[in-house]
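For reference, the structure discussed in these notes is given below.
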Amino acid sequence: MFNWLEKRGKKFTEVISCVEGVLIPLKDVKDPAFSSGAIGRGIAIQPKSSSVVSPVDGTIQMIFPTNHAIGIATSDGLEFLIHIGIDTVKLKGEGFKLFVSEGQTVRKGDVIVEVDFDLLNRKGYSTDTMLLLTTDQAKAEFLDIGPYGELVGGKDQTLFKCSMK
């Protein structure tokens, strides 16, 4: 789809789903901080499995103390945030088993956290998991691919592409 841009010398990072599930537009997330794009551009997934994986090759830059939010940076300067659930910070880490540490190098598809989504559901939290490009819009391009409403997951399925301008 974006081959013409790549032929013009533009290098894009292909981003896979961070969790297997149903892809939904970010604007449909029931939290205005995410749906408005204020935190970053990206997508959301309604999870169908417990393994959250790295969507890109990069380095773990930040792990929120409650393990519900993880920041990853690529070697070319793109920064991503995986935010698991809405208001799940209130769980204080319950239901999240972390497999990485800050500064660790990860490859696309590496498991970074296991989540007990059944627990989140039982406690009344949305399990929508956001995958956001948090790099400043003036510095990075975001190309939305989709397919919304369909099951996504796996190393070979690109959800969107990004590049530094």
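The table below gives the values:
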item: Residue ID - nearest to A33 (Cα to Cα), chosen from residues in the range 98-137 that are among the aromatic types (F, W, Y) and within 17 Å of the chain's Cα centre (by Cα); result: F117
item: Tally of residues being outside any loop (DSSP other than H, G, I, E, B) and in contact (Cβ under 8 Å) with a residue 24 or more places away in the chain across the range 16-74; result: 27
item: In the range 75-109, residue nearest to K48 (Cα to Cα) [restricted to those that are part of a strand (DSSP E or B) and among the charged types (D, E, K, R)]; result: K97
item: Filter result for I72 (touching a Pro at 6+ places or on another chain (Cβ under 8 Å) and either farther than 18 Å from K48 by Cβ or of a type in the set (G, A, S) (or both)); result: yes
item: Qualifying position, being under 20 Å from I43 (Cα atoms) and either out of contact with any helix residue (DSSP H, G or I) (no Cβ under 9 Å at 6 or more places or on another chain) or modelled with pLDDT under 95 (or both), among V106, V113; result: V113
item: The range 124-146: number of residues that are loosely packed, with under 15 Cβ neighbours inside 10 Å, out of contact with any strand residue (DSSP E or B) (no Cβ under 8 Å at 6 or more places or on another chain) and touching a residue at least 12 places away in the same chain (Cβ under 8 Å); result: 1
item: Residue within the range 24-41 that is more than 19 Å from D144 (Cα to Cα), surrounded by fewer than 16 Cβ atoms within 10 Å (Cβ to Cβ) and of a type in the set (D, E) present; result: no
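The values are calculated or read from the model by the stated rules, or taken from the named source; none is laboratory data. This is a predicted model, so every value here is computed, not measured. Note that we place each Cβ from the backbone using ideal geometry, even for glycine, and neighbour counts take in every protein chain shown.
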